[in-house]
Amino acid sequence: MLTKSVWNQFASPNTYPSLNNDITADVAIIGGGVTGISTARLLTQNGLNVVVLESMKVGGGTTSHSSGNLYFTVDKNLSQFHDKYDFGVIRKIITSRSAALNQIEEWVKEFFLDCDFNRVPWFLYSGIADNNSKIESEYTYAREADVPVDWAEAAPVPLSFTKAVEVKNQAQVNPMRYVQELAQAIQSDNLSIFENTRVTNVNEHKDHIVIETTGGTVTAQYAVHATHTPKGINILQTLLGPYREYGIACPAGDKHFPEGIFWGYHEDGKKFSSLIYERNGHRYVLVIGEPHKVGQSEDSIKAIRNLEAFAEKHYGLTEVAFRWGGQHYRPADLLPYIGSESKTSNVFVATGYSTDGLVYGTLAGMIIAGEISETPNEWAGLYNAHRFTPVKTNVAGRRRTVGSIGSSTERTGIVYGILQSLPSCRECRSGSINH
C-alpha cells in the first residue's frame, strides 16, 4: 500500500563512500538529513573539520517524508502556544523560524541549488462554519505576535471555505533534492560524508568523543545527534510523543491548482494540508494529514483511504501515484530540544520538531554550529536542550504550580531538571545507538 514519497522520483543523489577505517575530526555529525547537512555547512564555513555519518543515503530518511512546506508559523497553530507562552516568546519563535527560512533561501541562491524553491503564500481556512472560531483565534494570536497575517476574503484556496487567513512570502521546496544538492555543493577538504555507515556506539570521555560505526571509529571533539530523535538511552525520549502522519500525491494533469500552502479544517475538526508540485512536466497535488499518536491507530490503509477520499471529494482526483507515511516527535512544551545534552557535554542533540522539521532542522544547524564555534546564536536559550519547563507540559501550564503537577510527563520533566543540575559524568553517558 505505502510507497516511497513523491520526492524520491525527482531525487538528486550523489554517491558517497562508506567508512572503512578509523579517522579523526573536529566534529562528527550523525545523520545526513536537513539538520546534519545544515550543521555541516555552517561548521565547515567556520574552518572546522567535519565528518557526516549517514546510515542510508543523504536526504533519504525523515527529510524525504516531509511535505516540502517552509513557513515561520507552526503546525500546532499559535493558539496552542498562547496557552503556554507569552507573546514575547512567541515572537522569538516566529523570528527564529523566519531567519532559518531565509537561510534556506540564501543557500539556494548562493549555490544555485536545483530544488524547486519557490516563495508562496500560506493559507489557513475553515472548510465548514463550525471551524470558523479556529481561524478567528489564529488571526487574533498572529496579530498580537506581529505575524503579518491578513484576512483572505478572495483567497485562491482551491476549494470552498467559510473563513481564511493568509501569510505571504512563505515557501516550498523539494526537500530531498534540497538536502542532496546542498551536500554536493558544500563538499570541501574539511568535509567528509559517509553513507551506509551505521553508528553503533557513542562514548564521551573527558577530552574527546569516540563514535563507533559499522566501518570504523571516529574520534572527535564534538558529536551531533542529527537523527530525528536521540538514539540509545536519553531522557529526552521521555519528553517526546511519537506521532505518524500520511501523504499522497495525485497526478494533476492540466487541472488548475494555485500555488500556495493550504491548511484547512474540515469535518470533525480534521486538518488537511494541500499543495501543488511541478517538475519536468509532471504535476502532482499532494494531500497530507490523518496524524495519530503511535500505538493508538495502526490502520495506515484507512488513513491513506481517507486522504484519497478527500482528494476525490474536493479536487476530483481519483488517481494516486504515491502513498507514504512518516513519523515525527512532539515535545511536551511544544518547542524542539536543540543544543548540548548538558551544561558540560560536548554531545549535541536536535529533536522534537513536530512536523516543522525543514525549518527547525535548519535552525538547529544555526544554533549548534554557533555553540561549537563559540559564537552563540541569539535563540539558543529558547530551545535549550536541557531546559527545565515542567509547568508547560499541559494546556493550562502557566496556571499550575509545581506542587500540583501529577502526570507522568510532568513528573519526568521535574526529574529531568534535577538530573541536569547534577554534576556531569561523561564516562557514564555512553550508550548503544542504532542509526
Take the Cα coordinates of the range 159-221, assign each an equal point scatterer, and use the Debye formula without solvent to give log10 I(q)/I(0) at q = 0.18, 0.20, 0.22 Å⁻¹. -0.88, -0.98, -1.05
Residue-normalised 222 nm signal for the chain, counting each DSSP H run of n ≥ 4 as -39,500 (n - 2.57), nearest 500 deg cm²/dmol, is -8500 deg cm²/dmol
Taking Cα atoms, how many degrees apart are the long axis of helix 34-45 and the longest axis of the chain, rounded to 10 and kept between 0 and 90? 50 degrees
Check F117: other-chain or 5+ apart residues with amide H under 5 Å from its amide H, H built from backbone geometry? N174
With θ set to phi - 60° and the Karplus curve 6.51 cos²θ - 1.76 cosθ + 1.60, what are the ³J(HN,Hα) couplings of the range 82-99 in order, to the nearest whole Hz, using x for Gly and Pro? 4, 6, 10, 10, 7, 5, x, 5, 4, 4, 5, 4, 4, 5, 5, 5, 5, 5
Using the Karplus curve 6.51 cos²θ - 1.76 cosθ + 1.60 with θ = phi - 60°, what ³J(HN,Hα) values do you get for each residue of the range 140-146, in whole Hz, with x for Gly and Pro? 4, 5, 5, 4, 5, 8, 6
Cα gyration tensor of the range 60-129, axes a ≥ b ≥ c as square roots of the eigenvalues: rounded (a/c below 1.5), prolate (a/b > b/c) or oblate? prolate
Cα extents of the range 172-287 per principal axis, largest first, Å, are 59, 39, 20
Which of rounded, prolate or oblate describes the chain when judged by the alpha-carbon gyration tensor and an a/c cut-off of 1.5? oblate
Restricting to Cα pairs below 8 Å that are 6+ residues apart, what does the relative contact order work out to for the chain? Please round to a whole percent. 24 percent
Rounded, prolate or oblate (a/c below 1.5 giving rounded, otherwise prolate when a/b exceeds b/c) for the range 269-336 by Cα gyration tensor: prolate
From the backbone phi of the range 314-329, what are the Karplus-calculated ³J(HN,Hα) couplings (6.51 cos²θ - 1.76 cosθ + 1.60, θ = phi - 60°) in whole Hz, Gly and Pro given as x? 9, 10, x, 9, 10, 8, 10, 9, 9, 9, 8, x, x, 10, 9, 10
Find how many whole Å separate the alpha carbon centroid of the range 90-115 from the alpha carbon centroid of the range 159-208. 12 Å
Cα-Cα longer than 29 Å, checked against K92/K302; K4/K293; K84/K206; K57/K92, kept in input order, equals K92/K302; K84/K206; K57/K92
For R283, list long-range residues whose amide hydrogen, built 1.01 Å from N in the peptide plane, is under 5 Å from its own amide hydrogen. A252, G253
Bins of 5 Å, beginning at zero and ending with the bin holding the largest distance: percent of Cα pairs per bin for the range 100-226, please. 2, 8, 13, 12, 11, 10, 11, 9, 8, 8, 6, 2, 0
Put in order of increasing Cβ neighbours within 10 Å, starting from the fewest, H225, H266, H65 give H266, H65, H225
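Values quoted throughout were computed directly from the atomic coordinates according to the rules given, and no laboratory measurement underlies them. These figures come from a predicted structure and were not determined experimentally. As a convention, Cβ positions derive from the backbone with ideal geometry for all residues, glycine included, and neighbour counts pool all protein chains shown.
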